[in-house]
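Chemist: Have a look at the structure that comes next, please.
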Amino acid sequence: MELKLFVSGIGGQGVQLIGKTIALAALTEGRHVMLAGEYGGHMRGGSSVVAVVIGLEPVRALPNLPEAEMAIALSHSYWEKVSTRLKSGSLILAEETIAAELPNDGGHRIVSVPAISLGVQAGNRLAASMAMMGAFSELTGAVSPEALAEAMIEQLPPYRRQHAPTNQTAIQLGVNCAREHYGSRVHPAPYLAELAA
């Protein structure tokens, strides 16, 4: 069983960082992972999508993930690149400022996460992506917040290491927010049942 996830937004929002961090955290917890980024033509402001597949068995790498049952949406711009590839009834974690704007013609469950506010609370608006990862961890159990924090630190280049404490705080704020508003494991990763067996 695999968890298939799209992360969508615009360049500069940390979309690729979310995907890489989740993938690295899953690897450190003994999972198999596939990661594929899709980019628009701009360095910042263009479309940015990353696909992550996490499983207990080796994952078949595809050039493009055709469909997934989960998505993280940081911006409504370019959302159609992902929305048409979501299975009916998918879980969508959406930044609260765009959650109401996302079309929902697939019977999806849209969970509004105040990621930008949580990033500001942690000390930097750009830590919104970290808060979103924390919420993802709490709602799915796909990876632990501790593994996310370690993976995030490992990926930060030396000239950005000063942001690690803020990012760690934002991850924890995302965990706390999801737990308080939605509860834990509302959409458990498919492989959790196999791990418990």
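Chemist: Return the residues of segment 103-116 that are under 17 Å from the mean Cα position of the chain (by Cα) and either outside any loop (DSSP other than H, G, I, E, B) or surrounded by fewer than 20 Cβ atoms within 10 Å (Cβ to Cβ) (or both); say none if nothing qualifies.
Modeler: The initial filter retains those residues of segment 103-116 that are under 17 Å from the mean Cα position of the chain (by Cα), namely 108-116.
The answer is ARG109, ILE110, VAL111, SER112, VAL113, ALA115, ILE116.
Conditions (1) hydrophobic (A, V, I, L, M, F, W, C); (2) assigned to a helix (DSSP H, G or I); (3) within 21 Å of ALA99 (Cβ to Cβ), marked per residue:
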residue	(1), (2), (3)
LEU118	yes, yes, yes
MET132	yes, yes, yes
ALA135	yes, yes, yes
LEU139	yes, yes, yes
ILE153	yes, yes, no
ARG160	no, yes, no
ALA164	yes, yes, no
VAL175	yes, yes, yes
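Chemist: Can you run down the residue pairs with Cβ atoms below 7 Å, 6 or more apart or on separate chains, where the first is in segment 24-35 and among the basic types (Lys, Arg) and the partner is surrounded by fewer than 18 Cβ atoms within 10 Å (Cβ to Cβ)?
Modeler: ARG31/LEU56
Chemist: Give me the residue from segment 177-197 that is in contact (Cβ under 8 Å) with a residue 24 or more places away in the chain and assigned to a helix (DSSP H, G or I) and, out of that set, surrounded by the fewest Cβ atoms within 10 Å (Cβ to Cβ). Working first, answer last.
Modeler: Quick first cut of segment 177-197, residues in contact (Cβ under 8 Å) with a residue 24 or more places away in the chain only: 177-179, 182, 184-195.
Then keep just the ones that are assigned to a helix (DSSP H, G or I); that gives 177-179, 192-195.
Working: CYS177: 20, ALA178: 25, ARG179: 16, LEU192: 16, ALA193: 10, GLU194: 12, LEU195: 13.
Across segment 177-197, the extreme among qualifying residues is ALA193.
Chemist: Let me ask something else about it. Go through (1) within 19 Å of THR21 (Cβ to Cβ); (2) modelled with pLDDT under 95; (3) among the small types (Gly, Ala, Ser); (4) in contact with a Ser or Thr (Cβ under 7 Å, 6 or more places away or on another chain) for GLY107 and report which single condition fails.
Modeler: Single failed check for GLY107: (1).
Chemist: When the residues of segment 65-85 are filtered to those that are within 22 Å of TYR191 (Cα to Cα), in contact (Cβ under 8 Å) with a residue 24 or more places away in the chain and more than 13 Å from the chain's Cα centre (by Cα), which remaining residue is surrounded by the fewest Cβ atoms within 10 Å (Cβ to Cβ)?
Modeler: Here the answer is GLU67.
Chemist: If you check ILE18 against the conditions, is it in contact (Cβ under 8 Å) with a residue 40 or more places away in the chain, buried (at least 24 other Cβ atoms within 10 Å of the Cβ) and not in a helix (DSSP H, G or I)?
Modeler: no
Chemist: Out of curiosity, is GLY123 of a type outside the set (Lys, Arg), surrounded by fewer than 16 Cβ atoms within 10 Å (Cβ to Cβ) and modelled with pLDDT of 95 or more?
Modeler: yes
The values are calculated or read from the model by the stated rules, or taken from the named source; none is laboratory data. Because the structure is predicted, anything quoted here is derived from the model rather than measured. Positions of Cβ are backbone-derived with ideal geometry, glycine not excepted, and every protein chain shown enters the neighbour counts.
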